[in-house]
Every structure is written in C-alpha cells, then in structure tokens.
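Shown next, in structure tokens, is the structure this report addresses.
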2 protein chains.
Amino acid sequence: MTSITSVTRAPRLSDEVARQLTAAIRSGEFAPGARLPSEKELAERFEVSRMVVREAMSRLKSDELVDTRQGLGAFVSAEPGKSLFRLEPDPAIVKDLHDIFQLRVAVEGAAAGLAAVRANRSELAAMRACLREMKVSVAGREDDIEADNRFHATIARASRNPYFDRFLTFLGANLHGAIAKARSNTAARHPSSVLAVQAEHEAVFAAIERRDAPAAEAAMRRHLSAAMERLGLGPFTGARS
Amino acid sequence: MTSITSVTRAPRLSDEVARQLTAAIRSGEFAPGARLPSEKELAERFEVSRMVVREAMSRLKSDELVDTRQGLGAFVSAEPGKSLFRLEPDPAIVKDLHDIFQLRVAVEGAAAGLAAVRANRSELAAMRACLREMKVSVAGREDDIEADNRFHATIARASRNPYFDRFLTFLGANLHGAIAKARSNTAARHPSSVLAVQAEHEAVFAAIERRDAPAAEAAMRRHLSAAMERLGLGPFTGARS
DNA sequence: ATCTCCAGCTTGTATGATAACCGGTCAGCA
DNA sequence: TGCTGACCGGTTATCATACAAGCTGGAGAT
C-alpha cells in the first residue's frame, strides 16, 4: 500500500454556502444595500435545505456582511466589516510584515508602559523566571523562544487591559509563521545577537520593576525595533520607499 | 403622546445565545480544548430550540472560537481568535470603554509620530484645512465633530501604514456610538473645553509640521488623554481599581 | 380619494426525523 | 488471556414541515 494520504473530510455544506455567498458579495455581484434572494430561493439554488442557508447567513451576519430583518429579507451591509478587524492569514509580502510589526511595536510598547504601573508581584516574578530561563537555555532552542513568548505575554497581561492583551495575542498569532520563516531566511543567530536580546529584555524588565513607565515603553520599543532589524524588516520609523 | 422613545426591537435569540457562549468561553468558564455541552443540552439550558443553538455555534465557528466534529461534539479552540479581532458592538461598561480608548491612545499616538516623519504636503494641507474649519464652525455643531474626525483620519492616513489606518478606523467605528452617548451624559461642552481641544489639535499639527515625531506622539497622547477625561473615562494611565 | 384590513411574502423559531460519525462495550473466538 | 468485530448510545449534520411574527402592497370598504 503505497502513497497513502490523509483522507479529505467532506466539508460542511454550510461552510461551502457561506464561502460562495461571501465571494459573491465581495466580488460585487450583490451591491451594498441590495437585497439577497430569499432563503427559500437560495436553498433551491444551492440544492440544500433552508437550514443550511440559514447557518451560512448566520455567519455572514456575524461578519456584518449582511443584515437581515424579519419580514423584509437579507441585505448586503453598506460598509462590510467595519466593526471587524481581520488580517490575511499569511502576510507574505515583506512590506505588510513590516507594517504589522510596526503596529505591534506601538501597542506592545504602550503595554509595557502600563505594566510598569500596574504589574503585581506575581507577574514580576513570572517575568523574572522567563529571563532566567532564557539565560540558562541554549540559544536558539525551542524552549528559548517559548520563554521569550511567555515573557512578552506576561507583560501584555500585566498591562491589566484585556484589549491590549487580546490584540497583542492576535498580532502575535498572525506574525508567528512569518517570523519563523524570516528567521530561517536570515543568517543563523550569532551568539552576539542572543546576548543583545537578553540585554534588551533585561532593560525592559528593569524599567518595569522600578515602575518607570516611560523607560519601560522606550526599552520595549528599542527591543522590538532591534528585533525587526534582526529579521531584516528595517527599523521602527523607517524611510521606506 | 408624551415621552415617545425609539422602540427596542426584540433581539434574535441566536444573537443572545452566541453572546452568552462567547462570554463564557472568554471568561474561561470553558477552558481551551474543553468540550462544550451538547447542542441538545444547551438548547434545554437556554430554553430555545436546537436550531437556535446551532446558528449561534455557527457564528462561534466562524470566529474560530470553537471547533466541532461530527459525532464527537464542540470543543473550545486552543487559541481563540487567531485570525480575527472583534469587539463587542456596544461596549456599555465604562471600564471597557476606558480600555478600548486607551488602546486607541497608544496606536494613534504612534500614528502621529509616523505622520510627522512621512506626511506629504497635501496631507499637511488637509490637516490645516480641518483645523481652520473647526475654528470657524460653531462649537458642538455636527460639522465641527465631522471635521474633528477628518483631522484624525488624515493623520492616520499620513502614517503611511495601512494597518494603523485600518485599525484606527475600526476602533473609531466601535467607539463612535459610545462616545456620543458619553458626550450627552457629560455636562455640555464648555467654551473653555472647545478652546482646549483646538489648542491640543494645533499642538499636534505643529509638531507634525516641523517633523518632530516624539513631540507629535506626545501631543497626540495628551490630546486623547484629555479627551478621555472630558468624557469621564479617567486618564491614560490611571490607577483604576 | 383615502383609509382599513388582509393575503402573501419574508425571516425567526420550534419540532421531529434520518444519516453520518465517534467512542466504548462486550460477546465471541483463538 | 488477549484480540477482533459487531453493536449501542450519544453527538453533530442535514432535511422536512409547521407555525409565529413582521412587512408590503393591493383589494375592498368608506
């Protein structure tokens, strides 16, 4: 038995219907404000039950692409996705990567400033533990970058602003894959670079520990800006193009 | 017929179920990876039909909060909200409003800093026009706050980072209603407050015009922080609770 | 001409049934 | 004992049908 592969699970019908409707709306086939065909008609057109159409519509409503009113019908939203922020799953273009990272620098810098004011004892201890872990671990090992991520996550949480926390988690998840790729493209980390990272982290933590918000923000920005350059993305405020 | 008010349309049941489930997941009541109660059980608990639960689940799936598998059940995603960032449509709680506004302060401050470096001549002219318009318009008029919004939007665009622009537009759309409400609750704007706003705007613009990024960022933060206080939301770095 | 009311469309909700799928149980067998 | 495989209960996915509630437009009454 050669060339076995993982079976492709049959996609849910509602997913497929939602996908096609979304594409139709985004392509302009249904103009903003226009009325969509009725659920009954869509069900017949897609050859599915009305319930499948309703589940697909439910998703479009949650994405604010359509708006339904009982007795009237479903209408394409005037401003699709105005209250929804979503990034492309894999920003391959370097410029996008740069811009997203720049946004992260701004937000995480501010988060560090807040953390300097608000971090409690246990959060400080958690940061300290991460620093120690990174120092003893062999540079470039898995647990090394894992502790790195935890250090940043702890600061985000210590900002005591769940929106900072959530947004940074969101950005981090979107950047993760691209960063890993950029890392492998870049020359292997020099020992000097590892030392620099450690020094930057400690500068951030020192400022937080002594409750110096502006210094913490500045240190975090320096750290992330340096990280951008290490990844070959240019500095925070770059005179790009 | 006295004291007429806009009728409150009965909310859809699936919206309410989705809201409660989302809150339960975000609050950690259902840990990541945990299995949710079955649709049948949820339907009984919420006292709705199973179909309503399914529509709510469909929304959570599209938000990547849960993942369902036929025959097994629905499970909380390991990393909720990985490729999607959304806010509750109407943050009524003051603390949420404060936290979201704080995020805006951080991002828009950085955007002003970038704009100081990157704004071109036409963008500077647009900002200047907004300032002039706000000065001559009667304080508190519609066109006044409209020019205000345009001033901020121009700065966001001048940052030349579409993600800053998009994210600030997104936050603005989410804060708009709440701000309007907070405004009406607060005592009517004093003329002195109007003058203060104008002075803050001009400080921001002056720093951008002379290409002083740190000053532009600081001025924007001062402006937005003052705006938060005018709306009764407390300062940027507040020792809340 | 204007008003009232209702038929007929829409979406929202409920109910019941069937199919596909999964995990565990347990009799049957070597 | 240890393994296999059919079976069972529970779950999601889908379908079909019915009724409730909201809206529109026109027939019919005034």
*Leaving out ligands, DNA and RNA but keeping every protein chain, what accessible area does A:T8 have, in Å² rounded to the nearest 10, with a 1.4 Å probe?*
130
*asked:* At R0 = 51 Å, how high is the FRET efficiency between A:Q70 and A:L195 if r is their beta carbon distance? Nearest 0.05 is fine.
replied: 0.20
*In nm, one decimal, shortest first: how far is the label point of A:A196 (7 Å from Cα along Cα to beta carbon) from the matching points in the other copies?*
4.4
*Run the 1.4 Å probe and let me know the accessible area of A:M220, rounded to the nearest 10 Å².*
0
*Can you tell me how much longer the chain between B:A23 and B:S38 gets when fully stretched, taken as 0.36 nm per residue apart minus their C-alpha distance, in nm with one decimal?*
3.6 nm
*In the full protein assembly as shown, how much of B:M228 is accessible to a 1.4 Å probe, in Å² to the nearest 10?*
0
*How far is A:Q70 from itself in the other copies, in nm, if each label sits 7 Å out from Cα along the Cα-Cβ line, shortest first?*
3.2
*asked:* I need the shape label for the range B:18-74. Rule: rounded when a/c is under 1.5, else prolate if a/b > b/c, else oblate, with a, b, c from the alpha carbon gyration tensor.
replied: rounded
*When a/c is below 1.5 the answer is rounded, else prolate if a/b is larger than b/c, else oblate, so apply that to the range B:94-230 with a ≥ b ≥ c taken from the square roots of the Cα gyration tensor eigenvalues.*
oblate
*With a Förster radius of 60 Å, plug the Cβ-Cβ distance of B:E79 and B:R183 into 1/(1 + (r/R0)^6) and report the FRET value to the nearest 0.05.*
0.95
*Could you please state, rounded to a whole Å, how far the C-alpha centre of the range B:25-72 is from the C-alpha centre of the range A:12-34?*
24
*Between copies, how close do the B:D212 label points come, placed 7 Å along Cα→Cβ, listed in nm from shortest?*
2.4
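The values are calculated or read from the model by the stated rules, or taken from the named source; none is laboratory data. Here the structure is a predicted model, which means the values were calculated and not measured. No Cβ is skipped: glycine too gets one built from the backbone with ideal geometry, and neighbour counts run over all protein chains shown. Accessible surface is based on the protein model in full, side chains and every heavy atom, while ligands, DNA and RNA are left aside. Shrake-Rupley method; radii C 1.70, N 1.55, O 1.52, S 1.80 Å.
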